[in-house]
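The values are calculated or read from the model by the stated rules, or taken from the named source; none is laboratory data. Model, not experiment: these values are computed from the prediction. Cβ sites come from the backbone with ideal geometry, for glycine too, and all protein chains shown count toward neighbours.
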Amino acid sequence: MSYSDAFLRDVLKRTRVIAMIGVSPNPVRPSHYVGRYLSTKGFEVHPVNPGHAGKTLFGREVAGGMADVSAEIDMVDIFRRSEAVPGIVEEALERFPKLRTVWMQIGVESPEAAAKAEARGIDVIQNRCPKIEYQRLFGELRMGGFATGVISSKL
């Protein structure tokens, strides 16, 4: 899928509250560092994972399911396998009336779920990472594609 930079930038600028589906408390898992990063950039990240319900991540209690999230969600960020996406999107459409974006992480796609969400006027992004796109679009990535914050002359 191809998305214009203007479209991605608009989605990230208007998004404030994210339900992160499938987040892990393990700090080396991509879902964890994406959630942590987004929370440091001012996004309100609501972690959702039934296997870790009750734990605290990013200053919030992990919800066991979307039904346990009381916030008005702008975006659902999905860290689950593609085959789980249709059910997740169906529940998100029912649960979050102000939902504006369904974002599927790198390697996650569901044309069926995307079509259903788009038919309801929801923007859908597949096979992309909001952390990477945020860094790229708002000037935080360096030449190597990452920003370590470390200056070194070692090769």
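Let me confirm something: among Gly54, Gly35, which residue is in contact with a strand residue (DSSP E or B) (Cβ under 9 Å, 6 or more places away or on another chain) and surrounded by fewer than 15 Cβ atoms within 10 Å (Cβ to Cβ)?
Gly54
Is there any pair linking a residue in the range 1-15 that is under 14 Å from Met75 (Cα atoms) and among the acidic types (Asp, Glu) to one that is surrounded by 15 or more Cβ atoms within 10 Å (Cβ to Cβ) and modelled with pLDDT of 95 or more, with Cβ under 9 Å and at least six apart or on different chains, and which?
Partner pairs satisfying both residue conditions: Asp10/Asp123.
With surrounded by 13 or more Cβ atoms within 10 Å (Cβ to Cβ) and closer than 15 Å to Ile18 by Cβ as the only criterion, which of Val85, Val76 stands out?
Result of the check over Val85, Val76: Val76.
Considering only residues that are touching a residue at least 40 places away in the same chain (Cβ under 8 Å), farther than 20 Å from Ala84 by Cα and assigned to a loop (DSSP other than H, G, I, E, B), which ones fall in the range 16-27?
Arg16
Residues of the range 1-39 being polar (S, T, N, Q) and touching a His at 6+ places or on another chain (Cβ under 8 Å), which ones?
Ser24, Asn26
Matching residues to (1) closer than 25 Å to Leu137 by Cα; (2) out of contact with any helix residue (DSSP H, G or I) (no Cβ under 8 Å at 6 or more places or on another chain):
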position	(1), (2)
Ile21	yes, no
Gly35	yes, yes
His52	no, yes
Arg60	no, yes
Met66	no, no
Val85	no, no
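So is Arg81 modelled with pLDDT of 95 or more, on the phi < 0 side of the Ramachandran plot and touching a His at 6+ places or on another chain (Cβ under 8 Å) or not?
Details: modelled with pLDDT of 95 or more: yes; on the phi < 0 side of the Ramachandran plot: yes; touching a His at 6+ places or on another chain (Cβ under 8 Å): no.
Criteria not met by Arg81.
Which residue out of Ser110, Ser31 is among the polar types (S, T, N, Q) and within 15 Å of Ile132 (Cα to Cα)?
Only one candidate passes the filter, namely Ser31.
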